[in-house]
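Since the structure comes first, as structure tokens, the remarks are kept for the end.
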Amino acid sequence: MKRMILPAVKENIGCAVDYLKQGALVVLPTETVYGLGADATNGVAVAQIFAVKERPQFNPLIVHVSDVNMAMRYVEVDPLSYKLMDHFWPGPLTFILPLRRKSGIHPLVTTGLTTLAVRSPQGIFSKIIAAFDAPVAAPSANRSGRVSPTNAVAVTEDIGSQVPLILDGGPCSVGIESTIIKVGGDAVLLLRPGGISRAEIEKVAGFPVLRLDQHTAIEAPGMLDSHYAPDAAVRLDVVEIYEGEALLAFGSKRAKKSEKAIAILNLSPFGDIKEAATHLFDYLRRLDRRDISRIAVEPVPPEGLGEAINDRLVRAAAPREKG
Ligand code: TXA
Ligand code: MG
């Protein structure tokens, strides 16, 4: 099978579908981050995702569908989840829902859980799923534990040599992964903050969105503490820059001694939180250079997408689990 990077245009939908049908991996752009896709009903194909990412086998995958109707083939959709899907799909919101019996989803996808994570992504990916007419399992297209890719170059650097087809759709418009929720009786549980803010969900749901404690949340086994980690160390909420550091800035006011920084990238000079989300992973990767021992990060406000940005930053700064 030829190794190719093709533009994400409608002329290449057929090619992506052919690869998926043959059980091959395909990197696909989404509005959040690039996904490493495989036929979710094909165990051999799904196993390759885990192998390429070096992903722990206990960490389940999100299955991508073209719309709500397709989701209902695989999971039981309660009325509130339906309402939220109807409002936010296609878009960066993932639902954890009871898996249907005989869904055809390979058990490797759910790592044996009785629930399935489903999402309908924006853009060409959705058209590919519709043409394929089968669910596509796709985690972020990076090695496990590393910074998620928001452009095709980042994918290529990380896992490019191991994937037969990459569709290049340019930079991702949201830039941070989907929000993951689970609808309970009279509340919505937030498993991972992401591209749709808590406030947006609360407005449509009419219920509070509660953060599930990460350590009791075995329901989200992928919520490992150290994640999104560049090689350089990461120091958060800095007010002053030290020797040897690069600065990941936010807004118009600089930390003290910023002139010492080896390099500076500003997530959003005007303090726009959505703009900051689109740059976060790309800038972390760009500052992760050999001459930089540590990335110092200025405080990012927690409102809106700031919750997801801070979640990723805390994980990037967490003690590393492996060398
Ligand atoms: O924006 C996104 O969600 C991207 C794009 C490609 O769609 N995908 C993504 O996938 O971020 P991944 O594999 O990097 O993260 C999926 C998360 C993991 O933390 C996993 O533990 C959690 O979803 N997850 C998957 N299935 C689950 C389940 N049944 N219950 C709880 N958590 C689940
Ligand atoms: Mg990921």
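The values are calculated or read from the model by the stated rules, or taken from the named source; none is laboratory data. Values in this document were obtained by computation on a predicted structure and should not be read as measured data. Don't worry about glycine lacking a Cβ; one is built from the backbone with ideal geometry, like all the others, and counts go over all protein chains shown.
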Strands (runs of 3 or more DSSP E) wholly inside the stretch 225-286 that include at least 1 residues being touching a strand residue (DSSP E or B) at 6+ places or on another chain (Cβ under 7 Å) and touching a residue at least 24 places away in the same chain (Cβ under 8 Å): 233-235, 245-249
Any hit, the stretch 95-110, residues being of a type outside the set (K, R), modelled with pLDDT under 95, on the phi < 0 side of the Ramachandran plot and surrounded by fewer than 23 Cβ atoms within 10 Å (Cβ to Cβ): no
Only one of A316, A249 that is at pLDDT 95 or above, buried (at least 17 other Cβ atoms within 10 Å of the Cβ), under 25 Å from A152 (Cα atoms) and of a type in the set (A, V, I, L, M): A249
Number of positions in the stretch 1-54 that are among the charged types (D, E, K, R) and within 16 Å of ligand 2 (Cβ to nearest atom): 3
The stretch 164-191, subset under 26 Å from R286 (Cβ atoms) and surrounded by fewer than 23 Cβ atoms within 10 Å (Cβ to Cβ), residue nearest to ligand 1 (Cβ to nearest atom): V174
Elements of type strands (runs of 3 or more DSSP E) contained in the stretch 142-193, each with 1 or more residues being modelled with pLDDT under 95 and more than 17 Å from the chain's Cα centre (by Cα): 179-183, 188-192
Lone unmet requirement of (1) touching a Cys at 6+ places or on another chain (Cβ under 8 Å); (2) crowded, with 24+ Cβ neighbours inside 10 Å for L6: (2)
Condition check for S144: among the polar types (S, T, N, Q) and surrounded by 18 or more Cβ atoms within 10 Å (Cβ to Cβ): no
The stretch 12-40, subset of a type in the set (S, T, N, Q) and more than 16 Å from ligand 1 (Cβ to nearest atom), residue surrounded by the fewest Cβ atoms within 10 Å (Cβ to Cβ): Q22
Hey, A199 in a helix (DSSP H, G or I), touching a Lys or Arg at 6+ places or on another chain (Cβ under 8 Å) and in contact (Cβ under 8 Å) with a residue 12 or more places away in the chain or not: no
